[in-house]
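One structure below.
The values are calculated or read from the model by the stated rules, or taken from the named source; none is laboratory data. Values in this document were obtained by computation on a predicted structure and should not be read as measured data. Counting neighbours? That spans all protein chains shown, and the Cβs are built from the backbone with ideal geometry, glycine included. Areas reflect the complete protein model, heavy atoms only, side chains present, ligands, DNA and RNA absent. Shrake-Rupley method; radii C 1.70, N 1.55, O 1.52, S 1.80 Å.
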Amino acid sequence: MQYCTRCVNPENIYGGITFNKEGVCSRCVDYENYVNNFPSEAERAQRRQKFVDILERYRSKDGSNYDMIIPVSGGKDSLYQVHLMKKEMGFNPLLVTFNHTFNTKVGVHNLANMVEKLGVDIIRFTPNPQLVPKLSRLSMEKFGDSCWHCHCGIFTFPLRVAHQQRIPLLVSQEKYYGILSAEGGLYTKVNPQDRIFGIRAEAPEMINEERGIYRKDLVQFMRPPQEELDEIGVRGICITDFIQWDSKEITEFLIKEYGFKTKGHDRTYDCYANAECHHCSGVHDYMRYLKVGHGRATDDAGIDIRKGLMTRQQGVEMVKLYDARTPADMKMYLERIGMTPEEFYGIMESKRDPDFWSKDKSGKWIPADSVVNHPGQKEDPNKGFERVEHPVDEPDDEHLIM
Ligand SMILES: [Zn+2]
């Protein structure tokens, strides 16, 4: 297995990477190019103005409808998006949330805090809590991924609201609403067929009557007809196409300005992200490790090394410490979906990447390689990087459906 000589990325990392002749991965090279070509203040102001000009075209002139939909989870990016749109730019957004039902106490607090402090309308959809475990279990068996209902719901439900309430603009920090074609910054393919957003199956493919999953249970997971979306002129726009987005800086601003709460995780040192879900950095990420041999700590260390917040050696230590760790939320998750640990590992057997995992004589899974075996480029020992210690507000073991 090849590993980046600058960060800790393995060659099989999600999304795919290439290496240059020094063994530096394409994400590190891209970041270097980004820093070297960082836009001037004037250029940034210009880009921001272009963004505002597009949004203005969608402003409800007589106040009879919302100016836009912002799909939110209640995490740091949601809060900053709403802060930008409502407080800084003065728009009237409708917030739309799909409730995945694996909420942390911190996440519920952050969502309520956002709505209250920014004074905005919100629609929150909660799917039948008895259906979610069935979908999650089926998703795990089909894809080795516990979260189909969440991946599909956060994409589909805001589109349904856009359709029903005839609100043509969806504003997001991620390219959720189609990365296939952008016309003047607006994404037009709101109905991408290539499943680039982690939607591994359309809702009709998840109907399973033997398991008690019927068509009628999946109403809110079904996409509105594309012709009708086209008739309304539904479009997505991605904030980060126009505005710089530094997650660490943003989170620190939100902690100070809004009292945004952070959460510790079992599988990474970075406590700023995924405060709203028990599983994103827990079981969901652990399944990824069982499949491909690395997890979120690899992602987070890669980002922090690139930004000069930690040395590669420190990053390797983080990967060693976190990537293989069994998360504490596993017990909670398996109880909810009615699965034993034996069944869980049994299902994951067939999901293991044979290029990375093999079995020894006793039947134990052995990883093909580790970043620990791959020295990186020489680092300046006097550079004095400090590893970021993200603060955690409080332990959060409570699992809230709503
Ligand atoms: Zn790299």
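Below, the figures for the structure above:
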item	result
Unmet criterion (only one of (1) out of contact with any strand residue (DSSP E or B) (no Cβ under 9 Å at 6 or more places or on another chain); (2) over 28 Å from Asp241 (Cα atoms); (3) modelled with pLDDT of 95 or more; (4) crowded, with 19+ Cβ neighbours inside 10 Å) for Lys134	(1)
Pairs with Cβ under 6 Å, 6+ apart, first in segment 240-261 and closer than 30 Å to Leu186 by Cα and of a type in the set (D, E, K, R), second open to solvent by less than 50 Å² (accessible area, probe 1.4 Å) and not in a helix (DSSP H, G or I)	Asp241/Gly185
Any chance Thr251 is out of contact with any strand residue (DSSP E or B) (no Cβ under 8 Å at 6 or more places or on another chain), farther than 21 Å from Asp397 by Cα, at pLDDT 90 or above and open to solvent by less than 10 Å² (accessible area, probe 1.4 Å)	yes
Scan of segment 188-217 for residues that are β-branched (Val, Ile, Thr) and either modelled with pLDDT of 70 or more or open to solvent by 40 Å² or more (accessible area, probe 1.4 Å) (or both), ordered by number	Ile196, Ile199, Ile207, Ile213
Wholly enclosed helices (runs of 4 or more DSSP H) of segment 287-349 bearing at least 1 residues polar (S, T, N, Q)	296-306, 312-322
Of residues in segment 49-76 being free of Cβ contacts under 8 Å to residues at least 12 places away in the same chain and acidic (Asp, Glu), the one farthest from Tyr187 (Cα to Cα)	Asp62
Given (1) under 25 Å from the mean Cα position of the chain (by Cα); (2) of a type in the set (Asp, Glu); (3) within 16 Å of the ligand (Cβ to nearest atom), index of the condition Glu88 fails	(3)
Positions within segment 221-236 being at pLDDT below 90 and in contact with a helix residue (DSSP H, G or I) (Cβ under 7 Å, 6 or more places away or on another chain), in sequence order	Arg223, Pro224, Leu229, Val234
Output for segment 52-76, where each listed residue is assigned to a helix (DSSP H, G or I) and touching a strand residue (DSSP E or B) at 6+ places or on another chain (Cβ under 8 Å)	Ile54, Leu55
Scope segment 1-31; condition free of Cβ contacts under 8 Å to residues at least 40 places away in the same chain, among the charged types (D, E, K, R) and either over 17 Å from Asp299 (Cβ atoms) or touching a Phe, Trp or Tyr at 6+ places or on another chain (Cβ under 8 Å) (or both); matching residues	Glu11, Lys21
Output for segment 262-286, where each listed residue is open to solvent by less than 20 Å² (accessible area, probe 1.4 Å) and outside any loop (DSSP other than H, G, I, E, B)	Cys277, Val283, Asp285, Tyr286
Residue in segment 23-30 that is within 11 Å of the ligand (Cβ to nearest atom), touching an Asp or Glu at 6+ places or on another chain (Cβ under 9 Å), modelled with pLDDT of 95 or more and assigned to a loop (DSSP other than H, G, I, E, B) present	yes
Those residues of segment 77-96 which are in contact with a strand residue (DSSP E or B) (Cβ under 7 Å, 6 or more places away or on another chain) and without any contact (Cβ under 8 Å) to a residue 60 or more places away in the chain, in sequence order	Val82, Lys86, Phe91, Leu95
Selection count where residues are in a loop (DSSP other than H, G, I, E, B) and either away from the ligand (no atom under 11 Å from the Cβ) or not hydrophobic (A, V, I, L, M, F, W, C) (or both), scope segment 1-22	14
